[in-house]
Amino acid sequence: RWAAALRALVPGLAGMSGMPQGRFTAANISGGAIWAMAVAVVGYAAGASLTVLAKRLGLAGEVLLAAAVVALVVGLFISRRRRTAQNQAPLDPMSHDGQTQSSSDE
């Protein structure tokens, strides 16, 4: 069910192989129900383990998270400033249209 291509191709393949529509529909519904339950259980388990992890890490975990967020924001700010500075750099006065002339243009 992860791959959209399979979701689109399986009904056609089932029909070409001669699978009865009722049997395909029953298999499709039961597969969807099993998939939905599996995703819900995995999500519940991940949420429960996140709560346990947050309790174990306590203040140290919050400090590490804050440091990571600050590092990300500072990195984005520096990257944006560098990009802006490169876009505003003076053009080479010896070039035409702001492009440097290569040896193949001669």
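Pop the C-beta distance of V41 and V10 into the FRET formula with R0 = 25 Å and round what comes out to the nearest 0.05. Efficiency at R0 = 25 Å is approximately 0.55. What does the C-alpha gyration tensor say about the overall shape of segment 1-67? Classify as rounded when a/c is under 1.5, otherwise prolate if a/b is larger than b/c, or oblate. Since a/c reaches 1.5 and a/b is larger than b/c, the shape of segment 1-67 is classed as prolate. Applying the Karplus relation 6.51 cos²θ - 1.76 cosθ + 1.60 with θ = phi - 60° to segment 29-43 yields 3J(HN,Hα) values of 5, 5, x, x, 5, 4, 4, 4, 5, 5, 5, 5, 5, 5, x Hz, where x marks Gly and Pro.
Values in this text are rule-based calculations from the coordinates and carry no lab data. In this text, all values refer to a predicted model and were calculated from it rather than measured experimentally. Cβ: placed from backbone, ideal geometry, glycine included. Neighbour counts: every protein chain shown.
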